[in-house]
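Below is one structure, written out as structure tokens, with a few remarks after it.
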Amino acid sequence: MNLDFKLDFLYYQEQQILDGKDPKMDELRPHIFKFKEYMGAAPLENIIQLILHAHEEKYPQPKYWYTKLLVPNSSSIEVTYPSDLDEESDLYLSPKEMTRDDLSHLILRQFDDVANNSFLLKELELAFEEPQDYPALVQTIEGSLEGLTFVKDETLEETVFTVEDSPIANVRITPNTFVLGINQDTWIRYLG
């Protein structure tokens, strides 16, 4: 995958400085901006590759998957969460809140770690507005997992990749959805 930005910001814990800003964030900001552009314009196949690449070796901050797909003034949009989500901990983006028109939703299912004042990602789900080329997506995921140890379980309508020794616990793909399951042993508590 050829990116013209670095993903270091996904793993950096911004320092809280009284009456100031973390100078490292000034260095990371151009990469965050390019990441946002990429998330808004790249083909879905490339977005899936990016998500998998970002999770291969280390657990990244989940907030960037959510915040960089938001449309401007998204806080003024009224959204009803699906009944199977916890509005207190899970994050849900409906189509009217997203910069992309080829996604019907993004869900970050999270664990509310009250004791440590943080939310930890359990599962990331992308739902496609229209069915995608399923065999091509399976091939994309398999290629993205190259170098990792995994088992592939395939049916006509779903393929599940179970991954070992990675922040990626599993990946489920159908023509309509991509779901990334997180290995909870790799969680990092990012604050802020």
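The values are calculated or read from the model by the stated rules, or taken from the named source; none is laboratory data. For clarity, every value in this text was computed on a predicted model and none was experimentally measured. Methodologically, a virtual Cβ is constructed for each residue, glycine included, from the backbone with ideal geometry; neighbour enumeration extends over all protein chains shown.
Give the range 1-31 a look and list any residue that's surrounded by 14 or more Cβ atoms within 10 Å (Cβ to Cβ), in a helix (DSSP H, G or I) and among the charged types (D, E, K, R), or say none. Residue satisfying the conditions is Lys24 alone. A single member of Lys34, Lys58 is in a helix (DSSP H, G or I) and of a type in the set (Lys, Arg), and it is Lys34. In the range 172-183, the residues that are over 16 Å from Ser104 (Cα atoms) and surrounded by fewer than 17 Cβ atoms within 10 Å (Cβ to Cβ) form Cβ pairs under 9 Å with partners that are at pLDDT 95 or above and of a type in the set (Gly, Ala, Ser), at six or more places apart or across chains, as follows: Asn183/Ser166; Asn183/Ala169.
Can you give me the number of residues within the range 155-192 that are under 15 Å from Ala136 (Cα atoms), at pLDDT 95 or above and of a type in the set (D, E, K, R)? Residues meeting the conditions: 2. Figure legend. Inter-residue proximity from the range 84-112: first residues more than 17 Å from Lys122 (Cα to Cα) and surrounded by 19 or more Cβ atoms within 10 Å (Cβ to Cβ), second residues modelled with pLDDT of 95 or more and among the charged types (D, E, K, R), beta-carbon distance below 7 Å, spacing 6+ or different chains. Indicated pairs: Leu103/Glu129. Just checking, how many residues over the range 113-129 are more than 15 Å from Trp65 (Cα to Cα), surrounded by 15 or more Cβ atoms within 10 Å (Cβ to Cβ) and out of contact with any Leu (no Cβ under 9 Å at 6 or more places or on another chain)? Number satisfying all stated conditions: 0.
When the range 113-129 is filtered for residues that are aromatic (Phe, Trp, Tyr) and in contact (Cβ under 8 Å) with a residue 60 or more places away in the chain, only Phe128 remains.
Do we find that Leu137 is under 25 Å from Lys36 (Cβ atoms), under 15 Å from the mean Cα position of the chain (by Cα) and touching a residue at least 12 places away in the same chain (Cβ under 8 Å) in this structure? No; evaluated as a whole, the condition is false for this residue.
Quick grid of which residues meet (1) in contact with a helix residue (DSSP H, G or I) (Cβ under 7 Å, 6 or more places away or on another chain); (2) under 24 Å from Tyr190 (Cα atoms); (3) β-branched (Val, Ile, Thr); (4) at pLDDT 95 or above:
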residue: Pro30; (1), (2), (3), (4): no, yes, no, yes
residue: Met39; (1), (2), (3), (4): yes, yes, no, yes
residue: Asn46; (1), (2), (3), (4): no, no, no, yes
residue: Ser76; (1), (2), (3), (4): no, no, no, no
residue: Glu88; (1), (2), (3), (4): no, yes, no, no
residue: Lys96; (1), (2), (3), (4): no, no, no, no
residue: Gln110; (1), (2), (3), (4): no, yes, no, yes
residue: Asn117; (1), (2), (3), (4): no, yes, no, no
residue: Phe128; (1), (2), (3), (4): yes, no, no, yes
